[in-house]
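S.K.: The following block contains the structure, expressed as structure tokens.
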């Protein structure tokens, strides 16, 4: 028996923040005190609050330590583990709490979250099948083995689960198609290619709770009549792949994979196929081509994968998050509980990756129907640095932006689509007034242009031409006709592209023009980027009245463009200034303003 | 019995090649095919090693 | 399933389920533009120019891939559609060099045509233009990838139809390109220069080098011809300008090649314009050839032959006909030789196929092809053995691939890896020379596992019991030892062949006589008889010949034992019929075969030879021996288009016309008689062979009265029951497969539906003879063609004088 369980976040996010060194330091300290054997140390899955990583959570004490460094471990061990006293300095602190918060229940980031899909992440050792079983794992599978395949499809359909990969197609209906397709050979494919820049929802599930995916696929196999599955996981997720491989071996050992699963007349073989760095392989038909060893290019539909999928056989393709929901629904009494959460048209929860200018970045799981405002301000903690909210990009390169006056929009499939955005896989990029919407569209378009597979004319050529127009606008070479050209081209591409990548890649352009047309016009007609991003289209200017002459900006300037005496107002030499932004980051007086080029008219910052 | 896959006693028949239908439920709530408090204790011991708190186990 | 009703542009139509909107529109005569659509390839849906508006659909729909639905309402030229199409064109133009003025494709370019149709004069997008490779390092064609619009048709043809797999899409985004791996030059890839990519490219990205600067499409005349290379006889169009061939394209509707070609058909015609052509009669004087007039040459020939025959008897003359010349040429040739009193007429090249002929005749009574080429694509299983169709008969290879793609089980039994193995289900890398053992082993398994067609064996064959006793010892285990395969592989292959409802055997006629070639063919025939896989559509045994008119020359009686279509000389009625028709007495003695003559050497009794279109000195087994033979003749006249090795030893050389310069018929390896139109005036003093023979016959005193090849054909048809219903008038509509006994007979696709030529099919008890294999000079029974024809039979006469010699794999004809 262990005295305590020390859960160290070992997911990729915290690993990047240095959790390996933290855990090494912890072990060193424990060994120094000779008490290492008293405690169970687990490199766990992602608890979600990446902003404050590395994170260590101690049970049964229920203490959440964050922003840890290796040198903190001495204190943690001595004071908390040996001395029995919580180290307040290492608890969560922020403008949203009055006193340091001790555990999940008092940390505002977690207040409105509901852990369905992330129920095990951060709580179990991801490499232990026993812990997964203790938490109710594989019960749904046991129950499914006693059900008729069509009944499983119906139960999932009635629970209202919609595909979490972006399209939102009802999962139970999709399974029904494959169920009805003629056999005997069918496949289940898990789309773990997660290509949206900044998205890591699927990664966290795969790293933190790999058995949930196996169970989901097995239940799908039973429902659809499939006996083999592929998990198509991007190669950039080596930890996820490693966890999956271990989980598969364990499941085989426990007779939960392979032949005669749990003694029933049901066989299932699981394969892992690693991606090779192509965003387009997240598109289902390109993914299937890739599994077949071919170049990842989409195919026309019909026929749909449910009729003709991988190797020509009926195939169900589901996203990781979708599959992680399945055991919750199919377990005894699960469906009834499931439908209590969410809205009429969008049941359940959604995992979002909060990124950008929000204070609390990380992974959150919220019930469908929660408003954008709640996610950004309550969960996200509002805009960093106290700046103003401008818009949030939902759905990555396929999605659109939602401006401030739509903050009360509920997050569900249909509301988002009506507003010109999409749910997408769950990436939410929050933007403040220092984000240029033209540049944002340009960023996403340069991504899709590079990732376009090249097969169809509208996407291959059209994204390039749209990008060229945006480049010119950002460089001050835009002409008034550009907006109409962009609009026409974007609509033609949407109308005629072959696959989802092409059909949705104009969305960032269309939605930023829809809600921020004035910014485009300002770029084109007045050569001014008021967000201070498009370098040829603004100047930095120091407000002499408020400048205290602290010299912080001058010292930060790499090209010596700022001159001024100590305690005297400083001035920026526009000839030398490269507009790198280092000065404005350092200024404590908030007195560096963004102005039009060569003009006195300014914008208050 | 160190892991759930290990047999609690000779009465247990679950193996990879000859699985038992009740295996999953039995891991936490077992033994199911026979009565034996000692076997139940073995399971509890496995659980106690890793359960973070009283709400850890979900049946 | 019931038909589907839909409306396109206000017009109603009913079509079968599974029809695409594009196909339905075409049935109504509505022209929807396409770049990437090809009926032979899987639906692509890439270019998006074919998009149409379907009411109630969210986005525009690619008509080339979308199946029709009941009650669908489609608009093919609505404003929304036109806007999208103009957008596609504008995007393509923005990235396309506007070279129309000098581009070879002007006038035939789809991009140009559609821009004209939709009034897209220039692109509204001004930006980067791709700067990709311009690959012109190979001898055949130029790849200007800056003009490529990435329709993907070339990739589809190369990978799926031809199977060469030389090109694919590379990179992605704006710089997506089509080319060989690592952007190597095309000649370093697995390209076989078949020209399919060129023929199907909608724009000017792929241009054959022979065309450059020669003329515009509307300045050329297109003349239908038959390819002069292998015996499949593909239909081609020669593009003529100013009495010069400036290009070749395949005939799309041809039942033989269906718009496909190989490197020979596409590029091999240039020998016609070679500077090496003999353009006037030549007589050797003091060891040097001197140009003479036709009168002089013919006079010399007649005198010399008459002299030889008067001194040594009529059988001192021998004629070698040509498996490359036309039927008319060959018919008149053997008529002339026979009219001169001897049956010593043969084709030396034929000897390479003699064993195969013997084998087939023994089993079925006739060596003619059992089935047509097109049928291979529809069969249920194919056994490829002792052949490499990829090199010798590429079109046949395409059909085998097509069969495999359509689900046929493919067994490839060859000693070394060939590309066909990639699409095969069973690859049996047997030891070279052990093919016969394997075939007997397959028969053994078929009998042991009761997979034979008992009804067929009982009703339509004889000799089964002796055959069964022989193959009983060829158990899979025993055969495995001989061949180096495993018993399981052998069983699986046997099951694959025998379990299919229809199965075909693809081999090659060039089997080796010394090492049991005839027996090997008999063994193949055994398999077909055993499983009832002969006498039905899409079954049979394919043994295609090497030369384009080998079948025809044999049909025309260029053979010491028979006249046209195997009518035997021992038959008095046959001799009488021909004697009466020709006005001469035909000898009843069989003549010497060429092989016999050469082997007998000085003792052959031949003193004078007339060789038309053959080059035995270069293509024979023992070249030195044959050269000596020629030198020892009293008189040798050779009629050919080039100064070949044999011609250089002659006393007289007569120039001949190439295929493109004469009207005539050719019979391919599926018994199809095809008409070849003349496209050029022959150079210099050259005349077609048939005309030379008519002239020569007159000089000999025979009264031949032929106005042209049509009359020649009419005479041979009147004497040949199998050809009786064929005439030039009928042939101008398309080829006809003999037997075609009457004017209204449609020709015969496959043989032996009711009975074999000999009545019942004959099983042969043949044994694998390892001794014979050991003695052979490395060429085993079935090896002649695995690896191309380069080893024995063919002399490279025309290949050497064509650009195709730059490509190492071309069949060395």
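Every number here is computed from the coordinates shown, using simple stated rules; none is lab data. From a predicted model like this one, the values you see are computed outputs, not experimental measurements. All Cβ positions, glycine included, derive from the backbone under ideal geometry; neighbour counts span all protein chains shown.
S.K.: Is chain B best put as rounded, prolate or oblate by its Cα gyration tensor, with a ≥ b ≥ c the root eigenvalues, rounded for a/c under 1.5, and otherwise prolate when a/b is larger than b/c, oblate when not?
M.R.: Because a/c hits 1.5 or more and a/b exceeds b/c, chain B counts as prolate.
S.K.: By average Cβ neighbour count within 10 Å, what is the ranking of A:202-210, C:182-190 from highest down?
M.R.: Per-residue Cβ counts within 10 Å, averaged per peptide and sorted highest first, yield A:202-210, C:182-190.
S.K.: Something else about it: Any chance you could run the full-extension gain for residue A:301 through residue A:471? It's 0.36 nm times the residue separation minus the Cα-Cα distance, nm to one decimal.
M.R.: Working it through step by step, the gained length comes to 57.8 nm.
S.K.: Here's another thing I want to ask about it. Count, for each residue of C:80-90, the Cβ atoms from other chains sitting within 10 Å of its Cβ, then give me the mean as a whole number.
M.R.: The shielding value for this peptide is 4.
S.K.: Under the definition of Cα pairs under 8 Å and six or more residues apart, what whole-number percent is the relative contact order of chain C?
M.R.: Worked out over chain C, it gives 15 percent.
S.K.: Between residue A:157 and residue A:311, take the C-beta separation as r, use R0 = 30 Å, and let me know the FRET efficiency to the nearest 0.05.
M.R.: Calculated transfer efficiency: 0.65.
S.K.: Still on this model: Can you give me the distance in nm between label points at residue C:121 and residue A:387, each placed 7 Å from the Cα along the Cα-to-Cβ direction?
M.R.: 4.8
S.K.: For a quick protection proxy, order the peptides A:53-65, A:535-547, C:334-346 by their average other-Cβ count within 10 Å, most packed first.
M.R.: Top of the packing list down: C:334-346, A:53-65, A:535-547.
S.K.: Here's a follow-up. Taking each residue in A:128-141, count the Cβ atoms of any other chain within 10 Å of its Cβ, then average. What number comes out? Could you put the intermediate results ahead of the total?
M.R.: Details: counts 2, 4, 10, 8, 0, 10, 12, 6, 5, 4, 4, 6, 1, 1.
Mean number of neighbouring Cβ atoms from other chains: 5.
S.K.: Evaluate peptide A:299-305: per residue, the Cβ atoms of other protein chains within 10 Å of its Cβ; return the mean as an integer.
M.R.: Partner-chain Cβ atoms within 10 Å, mean over residues of A:299-305: 4.
S.K.: Right, another one. Going highest first, how would you order C:480-493, C:44-57 by mean Cβ packing within 10 Å?
M.R.: So the order, starting with the most tightly packed, is C:44-57, C:480-493.
S.K.: Gain in length, residue C:718 to residue C:241, computed as 0.36 nm per residue apart minus the alpha-carbon separation, to one decimal in nm? Working shown, then result.
M.R.: Working: separation 477, 0.36 × 477 = 171.72 nm, distance 3.74 nm.
Full-extension gain reported as 168.0 nm.
S.K.: Under a point spin-label approximation (7 Å from Cα along Cα-to-Cβ), what is the residue B:34-residue A:568 distance to one decimal in nm?
M.R.: 9.6
S.K.: What FRET efficiency do you get for residue C:448 and residue C:2 if R0 is 35 Å and r is their Cβ-Cβ distance, rounded to the nearest 0.05?
M.R.: After rounding to 0.05, the efficiency reads 0.15.
S.K.: To continue, here is another question. Classify region A:538-603 from the C-alpha gyration tensor, please: rounded if a/c falls under 1.5, else prolate or oblate depending on whether a/b exceeds b/c.
M.R.: oblate
S.K.: I would also like to ask the following. By how many degrees, 0 to 90 and rounded to 10, does the Cα axis of helix C:487-499 deviate from the longest principal axis of chain C?
M.R.: Helix C:487-499 sits roughly 80 degrees off the main axis of chain C.
S.K.: With each label point set 7 Å from Cα along the Cα-Cβ vector, what nm distance links residue A:4 and residue C:745?
M.R.: That separation, rounded to one decimal, is 10.2 nm.
S.K.: I've got another one for you. Compute the distribution of all C-alpha to C-alpha distances in region C:42-151, in bins of 5 Å from 0, and list the percent of pairs in each, rounded to whole numbers.
M.R.: Over region C:42-151, the share of Cα pairs per 5 Å bin runs 2, 10, 18, 19, 18, 13, 9, 5, 3, 1, 0 percent.
S.K.: How far is helix A:238-253 tilted, in degrees, relative to the longest principal axis of the Cα atoms in chain A, given as a value from 0 to 90 rounded to the nearest 10?
M.R.: Helix A:238-253 sits roughly 10 degrees off the main axis of chain A.
S.K.: Taking only C-alpha pairs under 8 Å that are 6+ residues apart, what is the relative contact order of region A:538-603 in percent?
M.R.: 41
S.K.: Working from Cα positions, state the angle (0 to 90°, nearest 10) between the long axis of helix C:351-364 and the longest principal axis of chain C.
M.R.: Here the helix axis deviates by roughly 90 degrees.
S.K.: Shape call for region A:4-107 from the C-alpha gyration tensor, a ≥ b ≥ c root eigenvalues: rounded (a/c under 1.5), prolate (a/b greater than b/c) or oblate? Each step should come with its number before you reach the end.
M.R.: On the way: a/c = 1.69, a/b = 1.24, b/c = 1.36.
Cα axes put region A:4-107 in the oblate bin.
S.K.: Would you mind checking the radius of gyration and Dmax of the protein assembly as shown based on alpha-carbon positions, in Å?
M.R.: Gyration radius and largest Cα-Cα distance of the protein assembly as shown: 41.0, 132 Å.
S.K.: Subtracting the Cα-Cα distance from 0.36 nm times the residue separation, let me have the gained length for residue A:71 to residue A:488 in nm, one decimal. Please report the intermediate quantities before stating the final value.
M.R.: Details: separation 417, 0.36 × 417 = 150.12 nm, distance 5.82 nm.
That pair, residue A:71 and residue A:488, stretches by 144.3 nm at full extension.
S.K.: To continue, here is another question. If contacts are Cα pairs under 8 angstrom and at least 6 residues apart, what is the relative contact order of region C:21-99 in percent?
M.R.: 28 percent.
S.K.: Rounded to the nearest 500 deg cm²/dmol, what is the calculated helix-only ellipticity per residue at 222 nm for the protein assembly as shown, with -39500 (n - 2.57) per DSSP H run of length n ≥ 4?
M.R.: About -9500 deg cm²/dmol.
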